[in-house]
Amino acid sequence: MNSFLDSIIKRDPAAGSKLNVILNYPGVKAVFFHLIANKLWNMNLKIIGRMVSQFSRFLTGIEIHPAVKIGKNFFIDHGLGVVCGETSEIGNNVTIYHGVTLGGISPAEKSYEQINVKRHPTISDNVIIGSGAHILGPIKIGKGARIGANTVILKDVPEYATMVGNPAKNISTNTDTSFRPYGVRDIDANK
């Protein structure tokens, strides 16, 4: 738990203290409730797992399906409106801002054929996803990628790419894995 809280404090200058993070960060509560919901889901107590995830949604405004696979140090900053669909997979040290959707492409069409089929994205380690981004379909976001605010992603994203716009365009292939929020690049004042 301490390394999880420390990872948030390193990524959010407003965090201040572990106590503040525990008491006031809806993303932390959502991840906590997801651990419970996921355990229940995996014990085949699916209805109870869904009830826990829906309680979490009511409390935090963040919806994470109980079947979602989440790595360590997952940070949802602000969080309101985040949706993670059932077959989403989220790697280690991923940061997601508010209003992000990890969703399917056409869930209302032939939904009976989509049961037990991968239909949501896989997010690799050290990815940052900006506010309002929509990542749709069974695609992969490569390690260290940055997804800019309000970007719509419908295709695989290479490692260390910085994707912006709609349709999404790769504006960088920086291999620097240090934390840079909001999908922005360093600006060299000498250029």
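The values are calculated or read from the model by the stated rules, or taken from the named source; none is laboratory data. Because the structure is predicted, anything quoted here is derived from the model rather than measured. Cβ atoms come from the backbone with ideal geometry, glycine included; neighbour counts cover every protein chain shown. Only protein heavy atoms, including side chains, enter the accessible area calculation; ligands, DNA and RNA are left aside. Shrake-Rupley method; radii C 1.70, N 1.55, O 1.52, S 1.80 Å.
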State all residues of the range 61-81 that are at positive phi, open to solvent by 20 Å² or more (accessible area, probe 1.4 Å) and touching a Pro at 6+ places or on another chain (Cβ under 8 Å); if no residue qualifies, say none.
61, 78
Selected residue (criterion: surrounded by the most Cβ atoms within 10 Å (Cβ to Cβ)) from residues of the range 87-125 that are among the acidic types (Asp, Glu) and more than 30 Å from residue 8 (Cβ to Cβ):
109
Identify, by number, the condition in (1) closer than 19 Å to residue 27 by Cα; (2) outside any strand (DSSP E or B) that residue 76 doesn't meet.
(2)
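How many residues does the range 8-29 contain that are assigned to a loop (DSSP other than H, G, I, E, B) and either more than 15 Å from residue 97 (Cβ to Cβ) or open to solvent by less than 70 Å² (accessible area, probe 1.4 Å) (or both)?
Total meeting the criteria: 5.
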Matching residues in the range 85-141 - criterion: being of a type outside the set (Lys, Arg), part of a loop (DSSP other than H, G, I, E, B) and over 13 Å from the mean Cα position of the chain (by Cα)
104, 105, 106, 107, 108, 109, 115, 116, 117, 137, 138, 139
Condition check for residue 37: touching a helix residue (DSSP H, G or I) at 6+ places or on another chain (Cβ under 9 Å) and either of a type in the set (S, T, N, Q) or closer than 23 Å to residue 106 by Cβ (or both)
no
Can you report the number of residues in the range 139-162 which are open to solvent by 10 Å² or more (accessible area, probe 1.4 Å), in contact (Cβ under 8 Å) with a residue 24 or more places away in the chain and within 18 Å of residue 89 (Cβ to Cβ)?
3
Scan the range 12-30 for residues that are touching a strand residue (DSSP E or B) at 6+ places or on another chain (Cβ under 7 Å) and modelled with pLDDT of 90 or more and jot them down.
27, 30
Criterion: hydrophobic (A, V, I, L, M, F, W, C), closer than 24 Å to residue 26 by Cβ and assigned to a helix (DSSP H, G or I) - qualifying residue of 37, 67
37
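Listed residues 57, 50; which is in contact with a strand residue (DSSP E or B) (Cβ under 9 Å, 6 or more places away or on another chain), of a type outside the set (Gly, Ala, Ser), farther than 21 Å from residue 153 by Cβ and surrounded by fewer than 19 Cβ atoms within 10 Å (Cβ to Cβ)?
57
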Hey, any hits in the range 39-50 for a residue that's at pLDDT 95 or above, under 24 Å from residue 125 (Cβ atoms) and not aromatic (Phe, Trp, Tyr)?
yes
